[in-house]
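Heads up: the structure comes next, in structure tokens.
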Amino acid sequence: MFANGLAMKRCRLKRYNFQIKNKMNKENETSDKQQNGNAFIADVSKSFAVGKRVVIIGCEKGHMFKVGEKVTIVEKECDMWWAVNRHDEHWLINENEANVC
């Protein structure tokens, strides 16, 4: 009977330790998901969107904006963006030609 009682105690301890270990793993998974979610949100905030201000950093497709000029995105057309400057000049730019302010 003594040996049987000791075996049952060990079994309970192993089960209890297993439950604690599982709980800790679940907590770690939850915190990892939250961090990944925040990183994704940060990336989205840097994306081009209608109404955002951008700074021209180069010219690949032939627009007439000057490097360093700030323009506003007004519309998307395929993989390009219509932008307007303070002189009301409209040109198509791509995301490689400007950075979001």
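The values are calculated or read from the model by the stated rules, or taken from the named source; none is laboratory data. The structure presented is a predicted model; accordingly, all values stated were derived computationally and were not measured. Using ideal geometry, Cβ is built from the backbone for each residue, glycine included, and neighbour counts are taken over all protein chains shown.
Take the range 54-101 and flag every residue that is of a type in the set (A, V, I, L, M) and either part of a loop (DSSP other than H, G, I, E, B) or free of Cβ contacts under 8 Å to residues at least 24 places away in the same chain (or both). Can you show your working first?
Quick first cut of the range 54-101, residues of a type in the set (A, V, I, L, M) only: 54-57, 64, 67, 71, 73-74, 80, 83-84, 92-93, 98, 100.
Once the filter is applied, which keeps residues that are of a type in the set (A, V, I, L, M) and either part of a loop (DSSP other than H, G, I, E, B) or free of Cβ contacts under 8 Å to residues at least 24 places away in the same chain (or both), the range 54-101 yields I57, M64, V67, M80, V84.
Out of curiosity, is W82 over 26 Å from the mean Cα position of the chain (by Cα), of a type in the set (F, W, Y) and either within 14 Å of F48 (Cβ to Cβ) or at pLDDT below 95 (or both)? Steps first, please.
Working: over 26 Å from the mean Cα position of the chain (by Cα): no; of a type in the set (F, W, Y): yes; either within 14 Å of F48 (Cβ to Cβ) or at pLDDT below 95 (or both): yes.
For W82, the condition - over 26 Å from the mean Cα position of the chain (by Cα), of a type in the set (F, W, Y) and either within 14 Å of F48 (Cβ to Cβ) or at pLDDT below 95 (or both) - is not met.
Yes or no: G51 in a loop (DSSP other than H, G, I, E, B), on the phi > 0 side of the Ramachandran plot, at pLDDT 90 or above and under 21 Å from the mean Cα position of the chain (by Cα)?
Numbers: in a loop (DSSP other than H, G, I, E, B): yes; on the phi > 0 side of the Ramachandran plot: yes; at pLDDT 90 or above: yes; under 21 Å from the mean Cα position of the chain (by Cα): yes.
Answer is yes for this residue.
Could you grab me the full set of residues in the range 46-60 that are in contact with a helix residue (DSSP H, G or I) (Cβ under 7 Å, 6 or more places away or on another chain) and of a type outside the set (V, I, T)?
Pass one, the range 46-60, residues in contact with a helix residue (DSSP H, G or I) (Cβ under 7 Å, 6 or more places away or on another chain): 48, 56-60.
Listed by number, the residues that qualify are F48, G58, C59, E60.
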